[in-house]
Amino acid sequence: MTAPWADPACPHDDRVEALLAEMTLEEKLAQLGSSWPGVERVSGNVAPMQDVFARHTDFAAASKNGLGHLTRPFGTKPVEPADGARQLAVMQRELMAGTRLGIPAVAHEECLTGFTAYRATVFPAALAWAAAFDPALVERMAHAIGTSMRQVGVHQGLSPVLDVVRDYRWGRVEETLGEDPYLVAMTGTAYVRGLESAGIIATLKHFAGYSASKAARNHAPVSMGPREFTDVILPPFEMAIREGGARSVMNSYADVDGMPAGADAGLLTRLLREEWGFEGTVVSDYWSVAFLRTMHRIAATDGEAAARALEAGIDVELPDTLCYGEPLAELVRTGAVSEDLVDRAVRRVLRQKAELGLLDADFTPEAPAGNSVDLDPPAHRALARELAEQSIVLLDNPAGLLPLSPDAASIALVGPCANDPNAFFGCYSFPNHVLPHHPGHDNGIETRSLLEALAAEFPSARIAYEPGCPVRDVDRSGFDAAVTEARRADVCVAVVGDRAGLFGAGTSGEGCDAEDLALPGVQAELVEALLDTGTPLVLLVVSGRPYALGAYTDRAAAVVQVFFPGEEGGGALAGVLSGRVNPSGKLPVQIPRTPGGQPGTYLHAPLGGHSQGVSTLDPTPAYPFGHGLSYTTFAYDRLEVSAEEIPTDGEVEIGCRVRNTGERTGAEVVQLYTADPVAQLPRPVIQLTGFTRVRLDPGEERRVSFRLHADRLAYTGPELRRIVEPGEITVMLGTSSTDIRLTAGVHLTGPVRQVGHDRVLHTSAHVD
């Protein structure tokens with residue numbers, strides 16, 4: 001006879017209650033824990049404090065009462081995809097056969113630049129997705145990532161990162177979607193929809209405030225008031241839950257104003273669940289429950305740490321069960337912790353397993369026959385190429401040097417990122433995240449450096465390559481050779497930037513925070529030496545964060561920025577240099593003028609801008625948020641605003657005509673900004689409120705319109721309630737936050753209106 005919880009015809013809640021009634025305390029707690037088989041054999045960290053906390057318990061012992069999660073069966077070491085799928089299926093069968101209730105585990109993996117597994121497609125880093133300003137393309141990419149994960153037995157992905165950038169020195173800027181909460185929200189929500197549509201649980205991280213740490217130091221405290229937290233940090237998470245359907249949230253390591261997120265019931269329960277209506281699971285960032293004892297020092301024992309986290313609302317402890325096992329069980333047995341709190345979390349975990357089909361009586365872990373699993377199929381590579389091409393930002397091209405002439409006789413290709421395909425990968429890509437700990441393995445995918453791609457793009461040109469210097473080390477021994485080749489060439493392409501890694505192994509990535517925003521190592525000196533040759537210089541920056549480029553804006557013949565473009569990055573960059581690809585990316589973060597120009601986010605109130613003599617420091621960037629040039633030009637005209645006045649609960653349509661006035665087909669990102677000149681509290685000088693990408697042939701024109709609801713103008717007022725207030729609002733259409741082409745005023749009428757979590761969250765766009 002089939003147990004009631006195993007009957008897929010029964011409602012999920014009934015199945016969960018039947019199973020919960022059958023479980024012992026130990027079986028319940030097992031569903032709130034996890035196991036990371038084999039991690040103790042990994043040389044080098046792929047997670048913070050792994051060397052301290054990694055367990056040495058065999059899988060059978062760790063799962064004797066069941067198991068909530070299986071941690072990274074593919075993302076810990078290189079394994080052939082089909083072999084990995086078979087190994088995962090074996091572990092699931094052992095778990096089912098070796099436990100009384102036979103419940104499979106949720107298998108989770110990282111998937112920030114694609115499925116973090118050997119031989120899987122390496123897509124561009126998240127900051128590059130944002131630079132494309134194309135949520136629909138990001139959604140397609142995420143769906144592709146999800147299909148790869150599902151075919152090998154994975155259920156949950158630990159992405160996207162919805163942290164809004166506040167300080168570019170933070171090592172994890174590359175993992176973010178930029179410095180504007182609306183851009184982050186729209187792009188991150190698209191990623192969630194794509195991953196969830198493939199049947200993979202999307203996990204929002206890091207909830208919340210992680211990116212605003214003091215001095216940009218990873219895990220440092222966050223000093224932030226409730227208004228900034230509400231208006232800047234929280235909106236992407238809210239949209240990804242309400243409009244994206246995300247089913248999991250991961251807590252932040254940070255403490256905000258002294259409160260660790262992992263122990264904050266106001267954040268994880270009252271806001272997330274009671275106000276926003278979230279019904280999924282909250283999973284801990286790796287070892288963050290134990291960190292309540294070891295790092296935050298708000299618990300004396302592992303059991304106390306577990307109690308704090310469970311009461312706050314963390315349902316599952318990842319990546320191993322350190323605190324939610326026997327330390328928590330002892331407190332429940334003594335009555336120090338109510339078993340009702342355990343049941344609350346177990347219900348959420350079991351409901352999710354029911355949704356995934358893991359409780360069904362006929363669930364059988366299956367693995368592919370033979371070696372037929374392809375995690376890097378042509379369709380995925382095509383998506384990676386499209387996204388890489390759209391993410392490249394042409395910052396400057398004053399004399400029109402780019403695109404390079406197809407008849408270029410000689411090109412000097414210089415710089416430490418010019419002949420290294422791994423320079424195109426983020427820190428959570430498998431080649432940079434895992435393979436450094438497994439020497440002797442190739443990347444497992446086809447990759448081309450820029451040198452290789454440029455040779456194919458310009459087959460008749462003489463291309464002389466010199467690295468010049470390393471990415472990080474202070475070594476100038478290659479300067480002379482690089483300068484010699486630059487002098488001999490018609491044009492010099494200098495490829496500088498980052499090498500992503502983990503915990504100090506790179507110049508960008510988790511645990512790789514920067515003291516300032518100068519190019520790493522002696523790369524800035526190399527660029528100066530190349531500029532001094534007099535040969536026209538194309539400065540090409542491949543990085544995970546924006547670096548200060550103000551010293552080169554008047555001297556370089558062209559400047560190009562790309563944020564870790566993935567496995568197809570070489571061909572995409574070569575295509576931009578040749579003109580085969582017309583660049584259309586826009587900056588999701590500003591490019592600072594000087595290395596000390598921090599914090600430099602565009603989203604600031606009046607006192608955050610240039611003070612006109614009040615201070616000797618000028619935060620004006622070298623290149624502003626939203627900036628990006630093309631090999632064609634675009635004209636904006638015929639501004640139309642549907643109403644001069646709207647009530648504080650109304651909406652207005654804002655539109656214009658955009659025309660390609662150049663000789664090449666190109667794509668323009670039309671950006672809608674708003675400003676609130678007089679409000680009860682200081683408001684941002686300018687703020688992105690909508691955007692859309694439009695492709696135009698030479699001479700073609702199209703009408704672009706936005707439907708702006710008054711809810712989109714809401715902010716946290718003096719009483720810490722989100723309000724829309726009457727008054728004059730400026731609406732602006734442009735090609736960047738400083739290149740505004742059309743401006744109008746709209747007057748909001750009526751009373752101050754308080755809005756809640758049912759408010760309108762996005763601005764719809766339409767292209768005729």
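Here are the numbers for this structure:
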item: Conditions (1) surrounded by fewer than 16 Cβ atoms within 10 Å (Cβ to Cβ); (2) at positive phi; number of the one not met by Gly266; result: (2)
item: Residue ID - nearest to Glu355 (Cα to Cα), chosen from residues in segment 194-216 that are part of a loop (DSSP other than H, G, I, E, B) and in contact with a Phe, Trp or Tyr (Cβ under 8 Å, 6 or more places away or on another chain); result: Ala208
item: Meets criteria (within 20 Å of Ser248 (Cα to Cα) and either part of a helix (DSSP H, G or I) or of a type outside the set (D, E, K, R) (or both)) for Gly102; result: no
item: Which listed residue, of Pro368, Pro398, is of a type outside the set (S, T, N, Q), assigned by TED's automatic domain parsing to the domain that holds Ala558, surrounded by fewer than 17 Cβ atoms within 10 Å (Cβ to Cβ) and at negative phi; result: Pro398
item: Candidate set: segment 728-760, residues that are surrounded by fewer than 19 Cβ atoms within 10 Å (Cβ to Cβ) and out of contact with any strand residue (DSSP E or B) (no Cβ under 6 Å at 6 or more places or on another chain); chosen: the one farthest from Phe706 (Cα to Cα); result: Pro751
item: So Tyr631, is it without any contact (Cβ under 8 Å) to a residue 40 or more places away in the chain, surrounded by fewer than 23 Cβ atoms within 10 Å (Cβ to Cβ) and touching a Leu at 6+ places or on another chain (Cβ under 9 Å); result: no
item: Subset of segment 149-171 that is outside any loop (DSSP other than H, G, I, E, B) and not small (Gly, Ala, Ser) - its residue that is farthest from Leu88 (Cα to Cα); result: Val161
item: Flag if Leu761 is assigned by TED's automatic domain parsing to the domain that holds Glu645 and touching an Asp or Glu at 6+ places or on another chain (Cβ under 8 Å); result: yes
item: Segment 47-92 - residue that is over 23 Å from Leu359 (Cβ atoms) and of a type in the set (Val, Ile, Thr) and, of those, modelled with the highest pLDDT; result: Val79
item: Single unsatisfied condition, Arg347 versus (1) at pLDDT 95 or above; (2) surrounded by fewer than 21 Cβ atoms within 10 Å (Cβ to Cβ); (3) assigned to a loop (DSSP other than H, G, I, E, B); result: (3)
item: Residues (over 23 Å from Glu326 (Cβ atoms) and either among the hydroxyl-bearing types (Ser, Thr, Tyr) or not in a helix (DSSP H, G or I) (or both)) located in segment 261-300; result: Asp264, Thr269, Trp276, Gly277, Phe278, Glu279, Gly280
item: Filter pass, Pro592 being under 19 Å from the mean Cα position of the chain (by Cα), outside the structural domain of Asp167 (by TED's automatic domain parsing) and not basic (Lys, Arg); result: no
item: Options Ala418, Ala408, Ala388, Ala369: the member that is among the hydrophobic types (A, V, I, L, M, F, W, C) and part of a helix (DSSP H, G or I); result: Ala388
item: Pairs with Cβ under 6 Å, 6+ apart, first in segment 57-68 and under 22 Å from Leu350 (Cβ atoms) and assigned by TED's automatic domain parsing to the domain that holds Gly98, second at pLDDT 85 or above and surrounded by fewer than 20 Cβ atoms within 10 Å (Cβ to Cβ); result: Asn65/Glu26; Asn65/Glu27; Gly66/Glu27; Gly66/Thr99
item: Candidates Ala399, Ala423, Ala418, filtered to the one that is more than 18 Å from Ser449 (Cβ to Cβ) and small (Gly, Ala, Ser); result: Ala399
item: Subset of segment 707-723 [touching a residue at least 60 places away in the same chain (Cβ under 8 Å) and not charged (D, E, K, R)]; result: Ala710, Tyr715, Thr716, Leu720
item: Qualifying residue in segment 639-647 (condition: over 21 Å from Ala132 (Cβ atoms) and either within 32 Å of the chain's Cα centre (by Cα) or outside the structural domain of Pro726 (by TED's automatic domain parsing) (or both)); result: no
item: Residue match in segment 278-286 (condition: more than 25 Å from the chain's Cα centre (by Cα), farther than 15 Å from Gly209 by Cβ, crowded, with 18+ Cβ neighbours inside 10 Å and not assigned by TED's automatic domain parsing to the domain that holds Val760); result: no
item: Residue that is assigned to a helix (DSSP H, G or I) and closer than 30 Å to Val373 by Cβ, where the choices are Ala185, Ala144, Ala117; result: Ala144
item: Strands (runs of 3 or more DSSP E) within segment 472-579 that include 3 or more residues buried (at least 19 other Cβ atoms within 10 Å of the Cβ), touching a Ser or Thr at 6+ places or on another chain (Cβ under 6 Å) and modelled with pLDDT of 95 or more; result: none
item: Which listed residue is under 29 Å from Thr116 (Cα atoms), surrounded by 20 or more Cβ atoms within 10 Å (Cβ to Cβ) and more than 27 Å from the chain's Cα centre (by Cα), from Leu450, Leu454, Leu413; result: Leu454
item: Flag for Leu639 being more than 28 Å from Leu177 (Cα to Cα), among the hydrophobic types (A, V, I, L, M, F, W, C) and surrounded by fewer than 17 Cβ atoms within 10 Å (Cβ to Cβ); result: yes
item: Residue ID - modelled with the highest pLDDT, chosen from residues in segment 1-19 that are surrounded by 14 or more Cβ atoms within 10 Å (Cβ to Cβ) and part of a loop (DSSP other than H, G, I, E, B); result: Cys10
item: Condition broken by Val614, with the remaining ones in (1) within 25 Å of Val670 (Cα to Cα); (2) surrounded by fewer than 24 Cβ atoms within 10 Å (Cβ to Cβ) satisfied; result: (1)
item: Checking Val232 against (1) over 19 Å from the mean Cα position of the chain (by Cα); (2) more than 27 Å from Ile145 (Cβ to Cβ); (3) at pLDDT 95 or above, the condition it does not meet; result: (1)
item: Unique match (being within 29 Å of Leu162 (Cβ to Cβ) and of a type in the set (S, T, N, Q)) among Thr632, Thr601, Thr616; result: Thr601
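Residue by residue, here is whether (1) assigned by TED's automatic domain parsing to the domain that holds Asp180; (2) hydroxyl-bearing (Ser, Thr, Tyr); (3) more than 25 Å from Leu177 (Cα to Cα); (4) part of a strand (DSSP E or B) holds:
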{"position": "Tyr602", "(1), (2), (3), (4)": "no, yes, no, no"}
{"position": "His627", "(1), (2), (3), (4)": "no, no, no, no"}
{"position": "Asp649", "(1), (2), (3), (4)": "no, no, yes, no"}
{"position": "Ile654", "(1), (2), (3), (4)": "no, no, yes, yes"}
{"position": "Arg659", "(1), (2), (3), (4)": "no, no, yes, yes"}
{"position": "Glu663", "(1), (2), (3), (4)": "no, no, yes, no"}
{"position": "Val670", "(1), (2), (3), (4)": "no, no, no, yes"}
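The values are calculated or read from the model by the stated rules, or taken from the named source; none is laboratory data. Computed from a prediction, not measured in an experiment: that's the story for all the values here. A quick note on method: Cβ atoms are made from the backbone with ideal geometry, for glycine too, and the neighbour counts reach across all protein chains shown.
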